[in-house]
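Visitor: I'd like to ask you about the structure that follows.
The values are calculated or read from the model by the stated rules, or taken from the named source; none is laboratory data. The model shown is predicted, which means the values in this text are computed figures rather than measured ones. Note that each Cβ is placed from the backbone with ideal geometry, even for glycine, and that neighbours are counted across all protein chains shown. Accessible surface areas use protein heavy atoms only, side chains included; no ligands, DNA or RNA. Shrake-Rupley method; radii C 1.70, N 1.55, O 1.52, S 1.80 Å.
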Amino acid sequence: LGLLALLSYVLVYTPMKSRTHWAMVVGAVPGALPPLMGWTAATGRVEVPGLVLFAILFFWQLPHFIAIALFRKAEYRAAGLTSLPLEKGDDVARLHAVLYLIALLPVSVLPYVVGVAGWLYLGAALALGGVFAWVAVDGWLRKKDAVWARKLFGVSLLYLTGLFAALAISPG
């Protein structure tokens, strides 16, 4: 798994960054592998709970990095990197943030479904996911700018911190 993370980051994601916005999706794979690596190291097997943690981190990264790409658009352009906002426009980027969040919401409740998290985690996942999604949908519907993108970025950090804190204190 470590070799997969390293090779996909260095040989696939890094060269793609200057060519296509799809690099963000490809880069989300090595970015999401650490919790799966940890689960696998602890259990000796690739198991569903580890894959669920991978999926949460994978889908979380996409709106998180879209937000960065929106409020750092000039820096991306100056560095010769492409991004969803630069390639497809801010409206499409905001919509994609919403769509990835729609995918994240059911994935985030899977730790409860597979029995590795309790009721407290489930409540936190639903509440945090609701706030994260509300901020994204508000920005998309109202065509908000870089100030909103910074807010979405901040909320993404609070979301992930809260989600994993709830997971730690609410075992299944």
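Visitor: In a shell of Cβ-Cβ distance under 14 Å around Met37, excluding Met37 itself, what net charge do Lys and Arg (+1) and Asp and Glu (-1) give? Intermediate values should be presented prior to the final figure.
Guide: Numbers: positive: Arg45; negative: Glu47.
Spelling it out: positives minus negatives among the neighbours equals 0.
Visitor: Then there is this: P(r) of segment 133-172 in 5 Å steps, Cα pairs, percent per bin?
Guide: The calculated distribution, bin by bin, is 6, 23, 23, 15, 12, 10, 7, 3, 0.
Visitor: Give me the Kirkwood hydrodynamic radius of the chain, using the inverse of the mean 1/r over all pairs of distinct Cα atoms, in Å to one decimal.
Guide: Numbers: mean 1/r = 0.0604 Å⁻¹.
Answer for the chain: a Kirkwood hydrodynamic radius of 16.6 Å.
Visitor: Here is a follow-up. Any idea what the dipole of the chain comes to, in debye rounded to 20, about its Cα centre with Lys/Arg Cβ at +1 and Asp/Glu Cβ at -1? Numbers along the way, then the final one.
Guide: On the way: 13 positive and 7 negative charges, 80 e Å.
Its charge dipole is roughly 380 debye.
Visitor: Keeping all protein chains in place and using 1.4 angstrom, which order do Trp22, Trp60, Trp119 fall into by accessible surface area, from largest down? Don't skip to the answer; put the middle values down first.
Guide: Numbers: Trp22 130, Trp60 25, Trp119 190 Å².
Highest to lowest solvent-accessible surface, that is Trp119, Trp22, Trp60.
Visitor: Can you send over the carbon and sulfur percentage of the accessible area for segment 47-168, probe radius 1.4 Å, protein chains only?
Guide: Numbers: 4020 of 5630 Å².
It is 71 percent, rounded to a whole number.
Visitor: Ranked highest first by average number of other Cβ atoms within 10 Å, how do 63-70, 102-109 line up? Before the final figure, lay out each step's value.
Guide: Numbers: 63-70: 25.1, 102-109: 18.1.
Order by mean packing, descending: 63-70, 102-109.
Visitor: For segment 33-93, max minus min Cα coordinate along each principal axis, in Å, sorted largest first?
Guide: Cα extents, longest axis first: 44, 22, 14 Å.
Visitor: Just the Kirkwood number for segment 3-44, please: inverse of mean 1/r across all distinct Cα pairs, in Å, one decimal. Provide the component values of the computation, followed by the final result.
Guide: On the way: mean 1/r = 0.0928 Å⁻¹.
About 10.8 Å for segment 3-44.
Visitor: Using the beta-carbon distance between Leu158 and Ala42 and R0 = 45 Å, what value does 1/(1 + (r/R0)^6) give for FRET efficiency, to the nearest 0.05?
Guide: Computed FRET efficiency for Leu158 and Ala42 comes out at 0.95.
Visitor: Continuing with this model, one more query. Could you size up the charge dipole of segment 41-131 around its Cα centre, putting +1 on the beta carbon of Lys and Arg and -1 on that of Asp and Glu, and report it in debye to the nearest 20? Could you put the intermediate results ahead of the total?
Guide: Working: 6 positive and 5 negative charges, 20 e Å.
Roughly 100 debye, rounded to the nearest 20.
Visitor: Here's something else I'd like to know. Counting other Cβ atoms within 10 Å of each Cβ, which trypsin sites (Lys or Arg not before Pro) in segment 1-107 have at most 15 and sit in a DSSP loop? Numbers along the way, then the final one.
Guide: Working: sites: Lys17, Arg19, Arg45, Arg72, Lys73, Arg77, Lys88, Arg94; in loops: Lys17, Arg19, Arg45, Arg72.
Those satisfying the criteria are Arg19, Arg45.
Visitor: Rounded to the nearest 500, what is the chain's calculated 222 nm mean residue ellipticity when only DSSP H runs of at least 4 contribute -39500 (n - 2.57) each, over all residues?
Guide: Numbers: 9 runs with 133 residues, N = 172.
Value at 222 nm, helices only: -25000 deg cm²/dmol.
Visitor: Quick one: accessible area per residue over the chain, 1.4 Å probe, rounded to a whole number of Å²? Provide the component values of the computation, followed by the final result.
Guide: Details: 8540 Å² over 172 residues.
That works out to 50 Å² per residue.
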